[in-house]
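The values are calculated or read from the model by the stated rules, or taken from the named source; none is laboratory data. Computed from a predicted structure; not experimentally measured. So basically every Cβ, Gly included, is an ideal-geometry build from the backbone, and we count neighbours across all protein chains shown.
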There are 2 protein chains.
Amino acid sequence: MSKRESNVDRVYEALRRMAADFAFKPDQRINESALSEVLGASRTPLREALNRLVAEGFLTFQSNRGFFCRPLTPSYILDLYEARVAVECEALRLSCQRASEAEITALSAYLERMEPEYESATELEELLAMDESFHARLAQLSGNNELQRILRNLNGRIRYIRLIDLKRMREEADGRAPGDISAHRRVLEALVKRDADTAVEALRNHIEKRREQATEAVRIAFSQLYVPED
Amino acid sequence: MSKRESNVDRVYEALRRMAADFAFKPDQRINESALSEVLGASRTPLREALNRLVAEGFLTFQSNRGFFCRPLTPSYILDLYEARVAVECEALRLSCQRASEAEITALSAYLERMEPEYESATELEELLAMDESFHARLAQLSGNNELQRILRNLNGRIRYIRLIDLKRMREEADGRAPGDISAHRRVLEALVKRDADTAVEALRNHIEKRREQATEAVRIAFSQLYVPED
DNA sequence: GCGTTCAAAATTGTATACAGTTTGGAATTC
DNA sequence: GAATTCCAAACTGTATACAATTTTGAACGC
């Protein structure tokens, strides 16, 4: 009998979280010795985990210089959101063909159950988790493991941006319900009718709207970075 | 001054080729010591490269049992082709908006230049390289690095299947020009007109047609595997 | 024959040592 | 003071050793 999760897996998960949250700053060089001490593992398993993250696009690697955090640029953000459109919209098209009535009903129930929580959520992380969860469940109905895998990767790398977006969204809409859940409802309504084109258009518009908002939110956050005094 | 390509990179590239071509049989366990000898590197850099391939979906990993080749099942093939549709079609939609006239002209020229070579190609590998190259160039016009990155990953894992498909295609169409280039031409014509919907439909049909053919070709290849005598 | 047991062999997991390379900064020159 | 040289410190790259785990197959009992 063996532990199902290896040490490298554990280190990998910890690093993935750190990289997703930009615990490493963009382009920052990663010191292996220091990091291995923090994570309680030697450099060998650490480097194995780091290599996985390079392959997944969370980090970069330079020969003889080691590992670096991925950069964070406007075009990178644009690319990630466009990739989400590609993956999520095609998954939705498949879901419209394939999802069982029971699965769709379950997703509707989930959305309704979340609605009050979504409006009362106090933590940004909580809001994000609910948003991500809806999109993930939607993709799951496609039955396509590759699309889900890709989406999970994109979500990990875009997470931090969404957090910035949500933060601004909440500040703007202060108190009022976040307008996003209605977009989810529109997608779901079309899915219920198995109207793929309408569903896909609704989802595309939703993601592209968020992309615009997120880009703007990041722009503002950046500009504030260089003018720290209020 | 440093070599631009590290040893791990070299080992990784070699392993990727092997995994793409199923030099490791599906589900086969990989012996690290034997492999490290073949590749002329110790187990440390070998395992770093293997971990990258796990993250990319070429291999799997089990705690205390090591690395295994990815399985090869009908649903896996279906998933990969569907993911290609998602990525390539959205990339094409973006290309219709963004590609410069010069880029489109260059791609047209490329297609025309390839046509005679495509018809006379003697090696399957050569045919595949040309097919992959057209699709990659098309995706490049989107300007989206993430979509290109995902496509490169999918292409690596699907390569072997396409080879089986091309082999059967050539056997069936013995001597005659492979019908595939005309599908590429249809996509390109719509791109020239910046008619995204038509272009995307043409590309989707093309890839789905290949998926059906490839699935069938793999089915036949499998059935022959278990009845080796003619 | 067919499953069990068990120990030897094979294999993986990781810490560590050390060689090779890069980095940072002091000394030097202009 | 700005650029250059150079050396020591820091860091990365990888082979290797050994512990931990799995695999293999021979011996045994039914």
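Pairs meeting the criteria (first residue in the range B:163-175 and at pLDDT 85 or above, second residue polar (S, T, N, Q) and in a helix (DSSP H, G or I), beta carbons under 8 Å, at least 6 apart or on different chains) are B:Asp165/B:Gln213; B:Arg168/B:Gln213; B:Met169/B:Gln213. Let me spell it out: the conditions are (1) assigned to a helix (DSSP H, G or I); (2) within 16 Å of DNA strand D (Cβ to nearest atom); (3) over 16 Å from the mean Cα position of the chain (by Cα), and B:Glu90 meets all of them except one. Which number is the exception? The single condition B:Glu90 does not satisfy is (2). Every test in (1) part of a loop (DSSP other than H, G, I, E, B); (2) surrounded by 13 or more Cβ atoms within 10 Å (Cβ to Cβ) is passed by A:Val8 save one, and that test is (1). Quick check on the range A:44-52. Is at least one of its residues closer than 25 Å to A:His135 by Cβ and more than 12 Å from DNA strand C (Cβ to nearest atom)? Yes - at least one qualifying residue is present in the range A:44-52.
Taken over the range B:1-27, residues that are more than 18 Å from B:Pro71 (Cβ to Cβ), away from chain A (no Cβ under 12 Å) and among the acidic types (Asp, Glu) amount to 1.
Here the condition is being closer than 29 Å to A:Ala217 by Cα and crowded, with 17+ Cβ neighbours inside 10 Å; of A:Glu82, A:Glu146, A:Glu112, it holds for A:Glu82 alone. Could you go through the range B:92-105 and let me know if any residue there is surrounded by fewer than 17 Cβ atoms within 10 Å (Cβ to Cβ) and either modelled with pLDDT under 95 or within 14 Å of chain A (Cβ to nearest Cβ) (or both). There is at least one residue in the range B:92-105 that is surrounded by fewer than 17 Cβ atoms within 10 Å (Cβ to Cβ) and either modelled with pLDDT under 95 or within 14 Å of chain A (Cβ to nearest Cβ) (or both). The number of residues in the range A:60-79 being crowded, with 16+ Cβ neighbours inside 10 Å and within 11 Å of DNA strand D (Cβ to nearest atom) comes to 3.
Within the range A:69-90, the presence of at least one residue that is touching an Asp or Glu at 6+ places or on another chain (Cβ under 7 Å) and away from chain B (no Cβ under 14 Å) is confirmed. For the range B:28-59, the set of residues classified as more than 10 Å from chain A (Cβ to nearest Cβ), more than 8 Å from DNA strand D (Cβ to nearest atom) and of a type in the set (D, E, K, R) consists of B:Glu32, B:Glu37, listed by residue number. Across the range B:16-38, the qualifying residues are those that are in a helix (DSSP H, G or I) and away from DNA strand C (no atom under 14 Å from the Cβ), and the one among them that is surrounded by the most Cβ atoms within 10 Å (Cβ to Cβ) is B:Ala19.
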